[in-house]
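Only the coordinates and a few stated rules stand behind these numbers; no lab work does. Only a predicted model underlies this, so the values are computations on that prediction, with no experimental measurement involved. Neighbour counts run over all protein chains shown; Cβ positions are idealised from the backbone, glycine included.
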Amino acid sequence: MSAPDANAVQLSFDEIKEIIRQMSECGVIDVDLTGGEPLARSDFLDIIDELIDKGIRIKQLYTNGALVNEKLLSEFQKRHVKPSIINNEL
């Protein structure tokens with residue numbers, strides 16, 4: 001999604017884990033994931049696992065689709081994750 005004034009600093013995995021913990025404590029049960037390109041993170045599946053561990057469902061994944069492949073879809077299937085995949089290039 002276009003964000004020309006966005007800060008280019010990426011959160012660390014530990015920072016994301018803390019945010020997920022706080023979301024869980026606040027009762028968040030659904031999230032949409034976007035970025036930049038969320039699939040470009042090497043720890044993307046670890047983030048998914050943290051969300052699952054806290055009982056938070058991934059409803060939508062905004063991506064340009066370039067990194068969606070059979071391996072990723074298989075990892076989603078193993079985790080019973082079924083987000084709507086939204087092309088953020090439209």
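For the chain, a simple Cβ point-charge model (Lys and Arg +1, Asp and Glu -1, everything else neutral) yields a dipole of about 360 debye relative to the Cα centre.
Annotation for Leu45 and Gln10: the two label points, set 7 Å from Cα along the Cα-Cβ direction, are 1.7 nm apart. Just add up the charged neighbours of Asp30: K/R +1, D/E -1, any other residue whose Cβ is under 9 Å from the Cβ of Asp30. Local net charge: +1. Distance between the pseudo-spin-label points of Lys71 and Glu37 (7 Å out from Cα toward the beta carbon): 1.5 nm.
Listed by Cβ neighbour count within 10 Å, with the fewest neighbours leading, Lys59, Lys78, Lys54 appear as Lys78, Lys59, Lys54. For Asp43, neighbours were defined as the other residues whose beta-carbon sits under 11 Å from its Cβ, and their charges (Lys and Arg +1, Asp and Glu -1) total -2.
Full extension from Ile85 to Lys59: what is 0.36 nm times the residue separation minus their Cα-Cα distance, to one decimal in nm?
Residue separation times 0.36 nm, minus the Cα-Cα distance, leaves 8.5 nm.
As a length-normalised measure over Cα pairs under 8 Å and 6 or more apart, the relative contact order of the chain settles at 30 percent. For log10 I(q)/I(0) by the Debye sum over Cα atoms at q = 0.13, 0.19 Å⁻¹, the value calculated from this model appears in (i) -0.58, -0.86; (ii) -0.38, -0.83; (iii) -0.43, -0.95 under label (iii).
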